[in-house]
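> First the structure, then my questions, so here it is.
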Amino acid sequence: MPELPEMENYKRLLHELIKGKEITDVEINREKSINMKTEEFIDRVKHQTIESIERRAKHLLFNLKNGETLLLHLMLGGWMFYGSEHDKPDRTVQVRLEFGDNSLHFIGLRLGYLHLLKKAELKDELDDLGPEPLDINFSLDAFLAKLVEKRGVLKTSLVDQHFLAGIGNRYSDEICWDAKFLPTKKVADLVDQERIQFYHSIKAVLERAVNLGGYMDEPLYKGDNKTGGFLNHFNVYKLEGNPCKRCGNTIIRDEISSRKSFYCTECQS
């Protein structure tokens, strides 16, 4: 499932591609991917201009000129492609937003969705999400105050969207490796300096992943050399059986609260 870095990468690229453009046509091939009847969705979206594109946690927000917002969550298996019908991948498209000669194709939305929401509906939908870990205002003091509220282990805390927004399985493991903590370590057992290290590792791992374009293995558009740049930079995720890049010990796979987890038992403690 795409996490914060992947959606932030999409946001930045789409800002350059479609901000300020008019949606000239809409095609819905799977009504379950939207939140209303096809005819109403098309009527409210067609001929609207994309005023801005934002990200909140693992969501993208396409803000329209009429004040409504298209809220996207790709969930498991979802991705996007922007380009002409000739260039698009030979894959089933659930929703297509046309921008003249090119379209934004939403692919793999079997669990994901593109919902059209008014301001109040959008607020209700996103209201219970935690703070954005890369927000300039999310300070060390703010993080330490949030951490006091947490119980349980680091892995489950990191993927809790009420605690911090946008982190999932992949980056929770990478953050724990960077901080040299086992994902099974209890939050309550962190001493002051470890809590500070935890904060800096969250920031460092997510910022690096964003800058490298996240892990998505399909380009957003023809000639896209940015998306997926982090794929070869994972240190532990899905690398069980490989030597740890830091100490050489074998990386193991485990399950923590029914979530697959990858870590090194030698240099993480």
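The values are calculated or read from the model by the stated rules, or taken from the named source; none is laboratory data. Note that the coordinates shown come from a computational prediction; the quantities given were computed from them, not determined experimentally. Don't worry about glycine lacking a Cβ; one is built from the backbone with ideal geometry, like all the others, and counts go over all protein chains shown. Accessible surface is based on the protein model in full, side chains and every heavy atom, while ligands, DNA and RNA are left aside. Shrake-Rupley method; radii C 1.70, N 1.55, O 1.52, S 1.80 Å.
> Leaving out same-chain residues fewer than 8 places away, which aspartates and glutamates sit with a Cα under 12 Å from that of LYS238?
By straight Cα distance, LYS238 reaches ASP173, GLU174, ASP254.
> Then there's this: In whole Hz, with x marking every Gly and Pro, tabulate ³J(HN,Hα) for region 224-236 from phi via Karplus 6.51 cos²θ - 1.76 cosθ + 1.60, θ = phi - 60°.
Taking θ as phi minus 60°, the curve returns 6, 9, 9, 4, x, x, 8, 3, 9, 10, 5, 9, 9 Hz for region 224-236.
> Let me check against my output: what whole-number percent is the relative contact order of region 56-195, with C-alpha pairs under 8 Å and at least 6 apart?
Numbers: 198 pairs, mean separation 29.8, N = 140.
For region 56-195, the relative contact order is 21 percent.
> How long is the gain from ALA204 to ASP135 if the chain were fully straight, where each residue apart is worth 0.36 nm and the alpha carbon distance is subtracted? Numbers along the way, then the final one.
Numbers: separation 69, 0.36 × 69 = 24.84 nm, distance 1.28 nm.
Here the segment from ALA204 to ASP135 would lengthen by 23.6 nm.
> Add +1 for every Lys or Arg and -1 for every Asp or Glu among the other residues with Cβ under 14 Å from the Cβ of LYS21, and state the total. Kindly include the intermediate steps, with their values, before the conclusion.
Details: positive: LYS19, LYS46, LYS65; negative: GLU16, GLU22, ASP25, GLU51, GLU98, ASP101.
Combined, the nearby Lys, Arg, Asp and Glu give -3.
> Counting only protein heavy atoms, what percent of the accessible surface of the chain is carbon or sulfur at a 1.4 Å probe?
Working: 5740 of 12530 Å².
The C+S portion of the solvent-accessible surface of the chain is 46 percent.
> Can you pull the one-decimal nm distance between simple spin-label points at LYS32 and GLN197, each 7 Å off the Cα toward Cβ?
Simple spin-label model gives 4.6 nm for this pair.
> Relative contact order of the chain, please, whole-number percent, based on alpha carbon pairs below 8 angstrom and at least 6 residues apart.
Working: 520 pairs, mean separation 46.6, N = 269.
Once normalised by length, the contact order is 17 percent.
> Follow-up. I'd like the isolated cysteines in the chain, meaning no second cysteine's beta-carbon lies under 4.7 angstrom from theirs.
CYS176
> Within the set LYS32/LYS226; LYS21/LYS203; LYS222/LYS260; LYS146/LYS186, which residue pairs have Cα atoms separated by over 25 Å? Show your work: numbers first, answer last.
On the way: LYS32/LYS226 31 Å; LYS21/LYS203 33 Å; LYS222/LYS260 33 Å; LYS146/LYS186 15 Å.
Listed pairs above 25 Å: LYS32/LYS226; LYS21/LYS203; LYS222/LYS260.
> Another question about this same structure. Based on DSSP H runs of at least 4 residues, each adding -39500 (n - 2.57), what is the mean residue ellipticity at 222 nm of the chain after dividing by all its residues, to the nearest 500 deg cm²/dmol? Display every interim value, and only then the final one.
Working: 7 runs with 77 residues, N = 269.
It comes out at -8500 deg cm²/dmol, rounded to the nearest 500.
> Order of 161-167, 222-228 by packing, highest average Cβ count within 10 Å first? Present the calculation step by step, with values, prior to reporting the outcome.
Values: 161-167: 20.1, 222-228: 14.9.
With the highest mean Cβ count within 10 Å placed first, the list reads 161-167, 222-228.
> Moving on. Can you tell me the length gained on complete extension of the stretch LYS19 to ARG110, counting 0.36 nm per residue apart and subtracting the Cα distance? Numbers along the way, then the final one.
Working: separation 91, 0.36 × 91 = 32.76 nm, distance 2.64 nm.
Once the chain is fully extended between LYS19 and ARG110, it gains 30.1 nm.
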